[in-house]
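Colleague: I have a structure here, written as C-alpha cells, and I will follow up with some questions on it.
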Amino acid sequence: MLIDFENVVNLICLILLFVSLIYIGWIVFPYSIFSKKMVELDPSKSPSHKIKLLTINVYQHNDRYTQTLQCIFKSNPDVVFLLETNQDWKDSVQSVKEKYPYFIEIPKENTYGLLFYSKFPIEKQEINYLIDDEIPSIIVDINANGKMVRLYGIHPTPPVPQENPESTDRDAEILIMGKKSKEYEGPSIVFGDLNDVAWSHTTRLFLRISGMLDPRIGRGMYSTFHAKYALFRWPLDHFFVSSHFRLLDLRVEQGVGSDHFPISVSLSIKDEDKEKELEASSEDHEEVKEIIEEAKN
C-alpha cells in the first residue's frame with residue numbers, strides 16, 4: 001500500500017494548527033467575558049474615595065494636539081499620563097495646567113518623553129532611569145482626597161530590530177516596577193505603554209511577582225494598538241492595580257491621531273483584599289533576578 005505523503009503532510013499541518021489554536025485560546029481565554037474577573041466591580045454608586053486615570057501614547061510625530069486636549073477634557077480624569085512626548089507636545093498641551101496644576105514634565109526627542117498631570121497634589125515624586133539612561137519612568141505619590149495612592153508610570157523600549165533586538169530591557173524594566181510595587185503596602189497602580197501584550201509570559205510573571213491585578217481579566221482585551229488597522233489590534237497600554245481597588249469603569253477612548261488609542265480607568269479605593277493576588281514561586285523570583293541582571297550588565 002502506497003502512502004500519499006502529500007495527504008499525510010496536510011493532516012499533520014491541520015493537527016498542528018488545531019493544537020496551536022487550542023493553546024492560543026487557552027492563553028487568551030482569561031481576557032474574555034467568560035473568565036472569572038480579577039478586579040471586582042464596586043457595587044456602590046458614589047464611593048467616597050475614587051480616582052480616574054487616562055493614559056495616551058500620543059505618537060511623537062502626531063500633531064493633533066487639539067484632538068488630544070479634547071480627549072482629556074471630555075474624559076475628565078484625575079490623572080493624565082502622556083507618552084512619546086517631546087518639547088512640541090509639552091508646549092502644545094500647557095492649557096491642561098488650568099485643571100491639572102500638579103505635574104511632572106520630561107519631554108524628550110527620542111519617543112520616550114513623559115508628561116504627567118494631576119488634579120490631586122503630588123506629595124512625593126521620583127524620576128528614574130531604570131535600565132537605559134535615555135528612557136525615564138516615574139513614581140508619584142498623590143493625595144486623592146485624603147487617600148494616598150502611589151503611581152508607577154512606565155514606557156519601556158519595545159523589542160524591535162532597530163532599537164533592541166531582544167526583549168530583555170523591556171522585561172527587566174517591567175519586572176523592576178513589579179518588585180517596587182510589591183514592596184509598597186498602600187494602594188498603588190502601574191500604568192502606561194508597556195510594549196507588551198496582557199497575556200505574555202513577562203506580563204503574567206509581572207502579575208505574580210508584584211501581586212498586582214489586571215482589570216481586563218474577565219472583561220475583554222481592550223486593545224489599544226494599532227489604531228490604524230482594525231483587524232490587527234492588541235493591548236499594549238495597561239493599568240495594573242493593587243488589591244485595594246474596585247473597578248468603576250474601564251474603556252478605550254476615541255482615537256487622537258496616534259497609532260495608540262487612549263485608555264482610561266475609574267477605580268474606587270477600598271480596603272485591601274488579597275484573595276485574587278497571584279503567588280510567585282521561587283523559580284519566578286530566580287527568573288526575575290536573572291532577567292534584571294542580564295539587562296544591567
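The values are calculated or read from the model by the stated rules, or taken from the named source; none is laboratory data. Small disclaimer: the values here were computed from a predicted structure and weren't measured. Quick reminder, even Gly has a Cβ in these numbers, built from the backbone with ideal geometry, and neighbours come from all protein chains shown.
Colleague: Any residue at all in the range 58-67 that's of a type outside the set (S, T, N, Q), surrounded by 11 or more Cβ atoms within 10 Å (Cβ to Cβ) and within 22 Å of I139 (Cα to Cα)?
Modeller: Yes - at least one qualifying residue is present in the range 58-67.
Colleague: If T55 meets every condition in (1) closer than 22 Å to P158 by Cα; (2) surrounded by fewer than 16 Cβ atoms within 10 Å (Cβ to Cβ); (3) at pLDDT 95 or above apart from one, which number is that one?
Modeller: Status for T55: all satisfied but (2).
Colleague: Return the residues of the range 1-48 that are among the charged types (D, E, K, R) and assigned to a helix (DSSP H, G or I); say none if nothing qualifies.
Modeller: Result: E6, single match.
Colleague: Now a separate question. Answer with yes or no whether S268 is in contact (Cβ under 8 Å) with a residue 12 or more places away in the chain, closer than 19 Å to D42 by Cβ and touching a helix residue (DSSP H, G or I) at 6+ places or on another chain (Cβ under 6 Å).
Modeller: no
Colleague: Here is a further query. Considering only residues that are surrounded by 10 or more Cβ atoms within 10 Å (Cβ to Cβ) and touching a residue at least 12 places away in the same chain (Cβ under 8 Å), which ones fall in the range 1-43?
Modeller: Scanning the range 1-43 gives I27, V28, P30, Y31, S32, S35, K37, M38, V39, E40, L41, D42.
Colleague: Next question. Answer yes or no as to whether T168 is modelled with pLDDT under 95, touching a helix residue (DSSP H, G or I) at 6+ places or on another chain (Cβ under 6 Å) and at negative phi.
Modeller: Spelling it out, T168 is indeed modelled with pLDDT under 95, touching a helix residue (DSSP H, G or I) at 6+ places or on another chain (Cβ under 6 Å) and at negative phi.
Colleague: Could you grab me the full set of residues in the range 210-244 that are hydrophobic (A, V, I, L, M, F, W, C), out of contact with any Phe, Trp or Tyr (no Cβ under 6 Å at 6 or more places or on another chain), crowded, with 21+ Cβ neighbours inside 10 Å and in contact (Cβ under 8 Å) with a residue 60 or more places away in the chain?
Modeller: Selection gives L213, V241.
Colleague: If we only count strands (runs of 3 or more DSSP E) wholly inside the range 66-143, which ones have 2 or more residues that are assigned by TED's automatic domain parsing to the domain that holds L236 and touching a residue at least 40 places away in the same chain (Cβ under 8 Å)?
Modeller: Per the criteria, 79-83, 114-118.
Colleague: Any residue in the range 28-49 that is under 30 Å from H201 (Cβ atoms) and touching a His at 6+ places or on another chain (Cβ under 9 Å)?
Modeller: No, the conditions are met nowhere in the range 28-49.
Colleague: Identify, from the list L194, L250, the residue that is aliphatic (A, V, I, L, M) and surrounded by fewer than 20 Cβ atoms within 10 Å (Cβ to Cβ).
Modeller: After ruling out the rest, the residue left standing is L250.
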